[in-house]
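**Student:** Here's a structure for you.
The values are calculated or read from the model by the stated rules, or taken from the named source; none is laboratory data. Quick caveat, the model's predicted, so the values are computed rather than measured. Cβ coordinates were reconstructed from backbone atoms using ideal geometry, including for glycine residues, and neighbour counts include every protein chain displayed. Only protein heavy atoms, including side chains, enter the accessible area calculation; ligands, DNA and RNA are left aside. Shrake-Rupley method; radii C 1.70, N 1.55, O 1.52, S 1.80 Å.
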Amino acid sequence: MKVVDKEQERIDYENSPAGKRKQWLGLLAALVFFLVAAFLYRMFPNLEIGGGKPYVIVMDGLEIIPGKTTVQDLANAGYELTDMTGKVMLNERGEDGEIIYRYRNVYDLTSEADARSMYSSLILVKDEEQAALISIVNNETSAVPLTQCIVSNITIYNHYIDSDKVTVEGTSLPQLTEGMLTELYGKPDRNYDNSLTWDKGNYYLSLKIAEDGTVESLSTNKIYKTDALEKYQN
């Protein structure tokens, strides 16, 4: 019976003209793939694979990453959650005589969020003042504590507490401009009624400009498919 040396056969094939041609074609294919990927990235900076990636903002030192940042992360940074029912009118007035309100009734973050539910139009509170509008998601198939819910959207208006401490790539909210964000993310995908929006797959960033040219608000968001969630709370 003839003994076949498989390892020697492999070596002989790799050293043959056919084997060397196969190796060369493999290297050529890898090079072409790399060049095409580099070209697409340069020509389409917002093009992402697998649903895109989030637009990150920093809020008083805390990174807000839609689809990743949790309510627990917010709580660790000193923030609380409530809704309009948490608003309390104080028996005092401001310097201009305006009525002063504070958000003193906040959520118990150990309470549970329903399975596969989104809670929108919530109010993020710091030192009893409004810091942002926020939406959170429990995309699990069972109820979980609010602390485990994920931030899906956050919107900061220029009159909210510490809005000047909100930054994008090191630039504070009041200083953001279309030109600055265009350098970072390319031309806006939508421009409607002074609202500029950049899209990356399931994520978007929106900058709202007031009539006087100042920044009115900034939003970063992850889109959750409506058919993936069974319940919504407004």
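**Student:** Give me a count of the residues in region 69-84 that are in contact (Cβ under 8 Å) with a residue 40 or more places away in the chain and among the hydrophobic types (A, V, I, L, M, F, W, C).
**Tutor:** 4
**Student:** Let me ask another. Restricting attention to region 164-186, does a residue exist that is within 16 Å of Gln72 (Cα to Cα) and modelled with pLDDT of 95 or more? Full working, then the answer.
**Tutor:** Let us first name the residues in region 164-186 that are within 16 Å of Gln72 (Cα to Cα), namely none.
No, region 164-186 has no match at all.
**Student:** Moving to a separate point now. Scan region 145-162 and tell me whether some residue there is acidic (Asp, Glu) and under 22 Å from the mean Cα position of the chain (by Cα).
**Tutor:** So far as region 145-162 goes, yes, one or more of its residues are acidic (Asp, Glu) and under 22 Å from the mean Cα position of the chain (by Cα).
Every residue, every condition in (1) open to solvent by 60 Å² or more (accessible area, probe 1.4 Å); (2) polar (S, T, N, Q); (3) touching a strand residue (DSSP E or B) at 6+ places or on another chain (Cβ under 9 Å), yes or no:
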{"site": "Asp96", "(1), (2), (3)": "yes, no, no"}
{"site": "Ile100", "(1), (2), (3)": "no, no, yes"}
{"site": "Tyr107", "(1), (2), (3)": "yes, no, yes"}
{"site": "Thr110", "(1), (2), (3)": "yes, yes, yes"}
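**Student:** A follow-up question, please. Restricting the search to region 134-154, which residues are of a type in the set (Ser, Thr, Tyr) and surrounded by fewer than 19 Cβ atoms within 10 Å (Cβ to Cβ)?
**Tutor:** Result: Thr141, Ser142, Thr147.
**Student:** Take region 84-114 and flag every residue that is among the aliphatic types (A, V, I, L, M) and farther than 11 Å from Leu146 by Cα.
**Tutor:** Narrowing region 84-114 to residues among the aliphatic types (A, V, I, L, M): 84, 88-90, 99-100, 106, 109, 113.
Answer for region 84-114, where residues must be among the aliphatic types (A, V, I, L, M) and farther than 11 Å from Leu146 by Cα: Met84, Val88, Met89, Leu90, Ile99, Ile100, Val106.
The rows are residues; the columns are (1) open to solvent by 20 Å² or more (accessible area, probe 1.4 Å); (2) part of a strand (DSSP E or B); (3) in contact (Cβ under 8 Å) with a residue 60 or more places away in the chain; (4) farther than 17 Å from Pro54 by Cβ.
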| position | (1), (2), (3), (4) |
| --- | --- |
| Ile156 | no, yes, yes, no |
| Tyr160 | yes, no, no, yes |
| Gly179 | yes, no, no, yes |
| Thr182 | yes, no, no, yes |
| Trp198 | no, yes, yes, no |
| Tyr204 | yes, yes, yes, no |
| Leu207 | no, yes, no, no |
| Glu211 | yes, no, no, yes |
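**Student:** How many of the residues making up region 73-84 are open to solvent by 70 Å² or more (accessible area, probe 1.4 Å) and either part of a strand (DSSP E or B) or at pLDDT 95 or above (or both)? Don't jump to the end; show me each part of the working.
**Tutor:** Let us first name the residues in region 73-84 that are open to solvent by 70 Å² or more (accessible area, probe 1.4 Å), namely 76, 80, 84.
Now narrow it down to the ones that are either part of a strand (DSSP E or B) or at pLDDT 95 or above (or both): 76, 80.
Qualifying residue count, region 73-84: 2.
**Student:** Sticking with this one: Just to be sure I understand the filter: pairs with C-beta atoms under 7 Å, separated by 6 or more residues or on different chains, first member in region 162-175 and in contact (Cβ under 8 Å) with a residue 40 or more places away in the chain, second member surrounded by 15 or more Cβ atoms within 10 Å (Cβ to Cβ) and part of a loop (DSSP other than H, G, I, E, B). Which pairs pass?
**Tutor:** That search, which allows pairs on different chains as well, returns Asp162/Asp60; Lys165/Asp60; Val168/Leu176; Leu173/Asn158; Pro174/Asn158.
**Student:** May I ask you to list the residues in region 162-174 that are out of contact with any strand residue (DSSP E or B) (no Cβ under 8 Å at 6 or more places or on another chain) and outside any strand (DSSP E or B)?
**Tutor:** So the first thing to find is which residues in region 162-174 are out of contact with any strand residue (DSSP E or B) (no Cβ under 8 Å at 6 or more places or on another chain), and the list is 169-171.
Listed by number, the residues that qualify are Glu169, Gly170.
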